[in-house]
1. Are any residues in region 240-263 among the aliphatic types (A, V, I, L, M) and at pLDDT 90 or above, and if so, which ones?
2. Which one is farthest from ALA200 (Cα to Cα), of the residues in region 123-149 that are surrounded by fewer than 19 Cβ atoms within 10 Å (Cβ to Cβ) and not aliphatic (A, V, I, L, M)?
3. Looking at region 268-282, which of its residues are under 18 Å from LEU171 (Cβ atoms) and part of a helix (DSSP H, G or I)?
4. List the pairs whose first member sits in region 197-210 and is touching a residue at least 12 places away in the same chain (Cβ under 8 Å), whose second member is surrounded by 21 or more Cβ atoms within 10 Å (Cβ to Cβ) and among the basic types (Lys, Arg), and whose Cβ atoms are under 7 Å apart, counting only residues at least 6 apart or on separate chains?
5. Looking at the structure I just gave you, is GLN338 touching a helix residue (DSSP H, G or I) at 6+ places or on another chain (Cβ under 8 Å) and among the polar types (S, T, N, Q)?
6. Enumerate the pairs (first residue in region 356-385 and within 11 Å of SER161 (Cβ to Cβ); second residue anywhere and among the hydroxyl-bearing types (Ser, Thr, Tyr) and buried (at least 21 other Cβ atoms within 10 Å of the Cβ)) with beta-carbon separation below 6 Å, excluding pairs fewer than 6 apart on the same chain, so at least 6 apart or on different chains.
7. Being part of a loop (DSSP other than H, G, I, E, B) and either surrounded by fewer than 17 Cβ atoms within 10 Å (Cβ to Cβ) or in contact with a helix residue (DSSP H, G or I) (Cβ under 9 Å, 6 or more places away or on another chain) (or both) is true for just one of GLY298, GLY261. Which residue is that?
Amino acid sequence: MNITEMRRLVAAGLDPAQAVLQTAPAATTTGELAQGARGLRQSLEGVDEPLGSLLTRPGVTDLLVNSPDEAWIDAGAGLEKVPDFSMGSALSLRRAAVRMAAAAGQRLDDATPIVDATLPSGVRLHAVLPPLSGDSTVISLRVPSPVALPLEAVVASGMVSPWLAEALRRLVQVRASGLITGATGTGKTTLLACLLGLAAPDERLICIEEVSELRPAHPHVVHLQARGANVQGAGGVSLSDLVKAAMRMRPDRLILGEARGAEVREMLSALNTGHRGGWATVHANSALEVPARLEALGALAGMSREALCAQSLPAFDVIVHLRRFRNQDGRVRRAVVQLARLARGSDGALAAKAVLNFDPQTGAVQRLEGWRDFAARFELPEPPREPVPTVSPAASSPATGTDAPRLGSDLVSPKPEHTDPDPDLVLSDATLVHPDPELPETNRVAAPNSPPKWQVPHLEWNPVGVRNQTSAQLANDFADIKGVR
């Protein structure tokens with residue numbers, strides 16, 4: 001089926017579904033119609049072949065194109081080179097990047113050689129043109145989760161243990177404010193979206209992001225997205241501007257998708273003026289290095305170390321740190337490995353103290369000095385005395401809620417008045433060291449949940465949903481088009 005001809009008909013005003021039927025040969029099957037409609041839909045959104053087929057492969061979360069003849073995908077087992085990949089020429093690859101940027105409402109040319117945008121399908125696009133990228137255009141595509149994972153599915157995936165899931169649920173319920181930290185691709189956004197879904201349904205959540213990615217399962221969510229300046233340097237709206245605007249929108253919770261600049265000052269101001277229950281993510285190598293990251297971000301906003309410390313201590317109640325590593329079967333896992341809190345160091349500067357360490361491979365929990373006071377403050381359940389594996393040997397990727405363990409069982413509430421010595425308490429803030437080496441930076445894992453059914457006449461596309469559909473399902477979708485049955 002001729003995609004170019006179908007696009008010409010759509011540009012002339014014909015309905016996309018009718019364009020598919022009109023250009024299809026007489027003996028075309030419903031499966032072929034579905035395939036043609038999918039190609040048209042992707043082309044209208046700026047994604048042409050072979051990129052469209054790679055994005056819809058089962059499990060693919062990242063597609064990285066380095067040259068017209070080189071592409072890599074991440075389908076859960078790390079980066080894998082795509083065999084026999086070809087975009088034709090460097091000019092064809094550049095045109096593909098420009099088309100995708102235009103579909104996202106952005107400009108990509110010699111005057112603006114870098115673009116970071118979201119395609120209509122939700123796929124995140126990042127592209128760089130030569131000579132900044134050498135001899136070839138470089139494209140990075142990230143496939144988002146269609147919906148937020150429920151807490152049970154996060155437990156089943158091994159990201160958190162059942163006990164830790166209940167502890168995080170309690171922190172959300174008592175409106176604690178927190179930071180989720182980790183390297184790129186450790187699951188920060190996935191965990192944050194899950195936790196936001198635990199907020200009370202009558203609360204108003206305002207998510208502020210540079211590129212919209214958060215999709216919490218909550219009935220009242222408002223998304224604000226930053227905008228870059230045009231080539232004349234006008235029209236830009238920063239994250240700082242959006243945080244200020246959000247404070248006037250009657251928020252119950254303010255969520256900063258990623259703190260990476262001067263917006264940290266406005267976020268601290270909001271959390272210190274009655275807007276409790278806010279969350280943010282920060283890139284950091286460990287929870288104990290978060291103060292240094294906050295100081296660097298605060299310096300961009302003109303904050304002194306003393307002012308940053310005074311604002312941060314009452315603003316953030318907990319730091320949740322994630323890491324990424326490989327299982328013995330070679331599959332990639334993301335897991336929470338540490339809980340920490342902010343404190344004032346001996347020199348008066350901002351510091352972080354770990355209160356719990358987790359080993360996601362053995363299920364061991366190491367309680368550190370300060371855990372008892374931390375647990376009593378938020379009435380958190382006590383961790384199990386014996387190691388409990390966080391994931392079964394068969395679970396190497398996020399699971400659905402059907403095979404997730406039941407939460408809330410066999411948990412012991414803390415007793416703040418208990419003062420007997422605790423033999424399991426470790427008077428140390430040493431970080432947990434894993435024998436497995438860190439992986440190179442990748443992006444997050446796609447969710448396994450089934451998205452809403454695609455409706456052909458309106459060409460509503462969810463790439464994650466399409467890639468998980470069978471040929472029979474696609475054929476059934478097309479069978480409702482007039483004239484097929």
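The values are calculated or read from the model by the stated rules, or taken from the named source; none is laboratory data. Computed from a predicted model, the values in this text were never measured in an experiment. Please note: Cβ atoms are built from the backbone with ideal geometry, for glycine as well, and neighbour counts cover all protein chains shown.
1. To start, the set of residues in region 240-263 that are among the aliphatic types (A, V, I, L, M) comprises 242-243, 245-247, 249, 254-256, 259, 262.
Within region 240-263, LEU242, VAL243, ALA245, ALA246, MET247, MET249, LEU254, ILE255, LEU256 meet the criteria.
2. ASP135
3. The first filter runs over region 268-282 and keeps only residues under 18 Å from LEU171 (Cβ atoms), leaving 271, 275-282.
Answer for region 268-282, where residues must be under 18 Å from LEU171 (Cβ atoms) and part of a helix (DSSP H, G or I): just LEU271.
4. ALA199/ARG253; GLU203/ARG253; LEU205/ARG253
5. For GLN338, the condition - touching a helix residue (DSSP H, G or I) at 6+ places or on another chain (Cβ under 8 Å) and among the polar types (S, T, N, Q) - is met.
6. PRO360/THR390; GLY363/THR390
7. Working: GLY298 fails: part of a loop (DSSP other than H, G, I, E, B).
None of the others qualify; the one that does is GLY261.
Condition check ((1) modelled with pLDDT under 90; (2) of a type in the set (Val, Ile, Thr); (3) under 30 Å from ALA310 (Cα atoms); (4) more than 22 Å from the chain's Cα centre (by Cα)) across all residues:
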site	(1), (2), (3), (4)
GLN338	no, no, yes, no
ARG341	no, no, yes, yes
SER346	yes, no, yes, yes
ASP373	no, no, yes, yes
GLU386	yes, no, no, yes
ALA394	yes, no, no, yes
THR402	yes, yes, no, yes
